[in-house]
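Data block below; observations after.
What follows is calculated from the coordinates using simple rules that are stated; it is not laboratory data. Note that the structure is a prediction, hence the values are computed from the model and not measured. Don't worry about glycine lacking a Cβ; one is built from the backbone with ideal geometry, like all the others, and counts go over all protein chains shown.
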Amino acid sequence: MELPLNQIIKGDCIGVLNSFPEKSIDLIFADPPYNLQLQSELYRPNMTKVDAVNDTWDRFESFAAYDEFTRKWLSACKRVLKPTGSIWVIGSYHNIFRVGSIMQDLGFWILNDVIWIKTNPMPNFRGVRFTNAHETLIWASTGKGARYTFNHHAMKGLNDDKQMRSDWWLLPLATGAERVKDANGNKAHSTQKPEALLYRVILSSSHAGDIVLDPFFGSGTTGVVAKRLHRKWIGIEKEEKYIRLAQSRIDTVQPEMFDVKAFDVRSKKKTAPKVAFSALVENGFLQPGQKLFFSRDKARFAIIKPDARLRTRDGFEGSIHQAGKHYMNGSPCNGWEHWYVEENGCLVKLDDVREKFRATMGLYDEQSS
């Protein structure tokens, strides 16, 4: 079966997902039923009724029934995810802990729990507990040690060039013009997520051209943002009214002209031409017998051997990464970032020598041709 790209598929997500090819999806965003277990209607102090989540799709007979449903749809998601793919699941205190436990049972490897802090939460009208002002997103890879996409530098770009934290502020609820309304002016979907939230999720965890799937498509926010960011998307939804709503939203999106380079948010280091340390030695940018200094510490040095290995002061031999790991007492080490060479009385990072090699040898020109 070919994937139904850029389409909304009507049906139960478990059955639909099980019909898809294995290992075919790059990223999944799931906003499953929260199982709120509301026992009665809610009213404000002025006796106006609260427009809360009371849809039939959010009702389950018991926690056991909810857990069984969760295990089935998560298993189906794991089957279709590429080994390098990842999944985001959003929920509240009603369900997210059960979801997280089941994810771990199924072999997903949790990378982060992200807290979406709402700037305009619904108050606790009865005043019997704290106002619930956040939701939790679990981000997970397909398993321990699995590779996955994380556009670290893109997230820094959205955060004043600082590492983005796992508490996400200034992302309000979908209100105002963004809130989709029905013919009577009421909320068309009770749990519509803001586009800003999906923008951050999709940009952080996928590349232009990747396939993004949402098994609980609802009002279609995932499709809207995926289309804006030039990702392919697939939505699965049971309710015909939501399908019409989502398709109408997506049809209005006219993404800017696609420029591969403009939409590539990977760091320059990740896209730069590959260069082996041995190439610097073979081409005379570094010399056999030359000293390298670890983390600018001249007491911790190594000699470059003719075979491009390093021999440390205490006799350890290995690659630039292995020798760095040796000086860091076994902790992982990127040798390009930690070794320095002395040039004209100044210590120059090995990565800068590599960049000079790329420019001098015209490797960027070859890459763009």
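Cα centroids of region 251-286 and region 301-369: how far apart, whole angstrom? One Cα centre to the other: 20 Å. If you take the Cα centroid of region 89-120 and the Cα centroid of region 199-224, the two points sit 17 Å apart. Axis of helix 96-105 versus longest Cα principal axis of the chain: the two differ by about 50°, to the nearest ten degrees.
Applying a DSSP loop filter and a limit of 10 other Cβ atoms within 10 Å to the trypsin sites (Lys or Arg not before Pro) in region 92-130 leaves Arg126, Arg129.
Net charge dipole, the chain: roughly 600 debye, given to the nearest 20, about the Cα centre with Cβ charges of +1 for Lys and Arg and -1 for Asp and Glu.
Checking every one of the trypsin sites (Lys or Arg not before Pro) in region 201-309 against DSSP loop status and a limit of 11 other Cβ atoms within 10 Å picks out Lys274, Arg296.
For region 272-368, taking the reciprocal of the average inverse distance between every pair of different Cα atoms yields a Kirkwood hydrodynamic radius of 13.6 Å. Relative contact order, whole percent, for the chain stands at 15, derived from Cα pairs under 8 Å and 6 or more residues apart.
Segment Asp259..Glu337, full-extension length gain: 25.0 nm, with 0.36 nm per residue of separation and the alpha-carbon distance subtracted. Straight-line reach from Lys274: taking Cα to Cα under 13 Å and skipping same-chain neighbours fewer than 8 places apart, the aspartates and glutamates in range are Asp351, Glu355, Glu366. Identify which of Phe258, Phe63, Phe285 has the largest mean-square fluctuation in a Gaussian network model of the chain, with springs joining Cα atoms closer than 10 Å. So, out of Phe258, Phe63, Phe285, the one fluctuating most is Phe285. Between Gln104, Gln290, Gln254, the Gaussian network model of the chain with springs among Cα atoms under 10 angstrom shows the greatest mean-square fluctuation at Gln290. Between Arg79 and Leu363, the C-beta separation translates, for a Förster distance of 41 Å, into a calculated FRET efficiency of about 0.55. Other residues within the sphere of radius under 13 Å centred on the Cβ of Asp113, judged by their own Cβ, net out at -1 (K and R +1, D and E -1).
For the peptides 64-73, 207-216, the ranking by packing is 207-216, 64-73, with the highest mean count of neighbouring Cβ atoms within 10 Å listed first. Taking every C-alpha pair closer than 8 Å and separated by at least 6 residues, the mean separation divided by the residue count of region 254-369 gives a relative contact order of 19 percent. All C-alpha pair distances within the chain, sorted into 10 Å bins from zero, spread as 4, 19, 26, 20, 14, 10, 5, 1, 0 percent across the bins. As I understand it, the value is the acute angle between the Cα axis of helix 195-205 and the longest principal axis of the Cα atoms of the chain; what does it come to in degrees, rounded to 10? Tilt of helix 195-205: around 30 degrees.
Round to the nearest 10 and give me the degree value, 0 to 90, for the angle of helix 240-251's Cα axis relative to the longest principal axis of the chain. Tilt relative to the chain: about 50 degrees.
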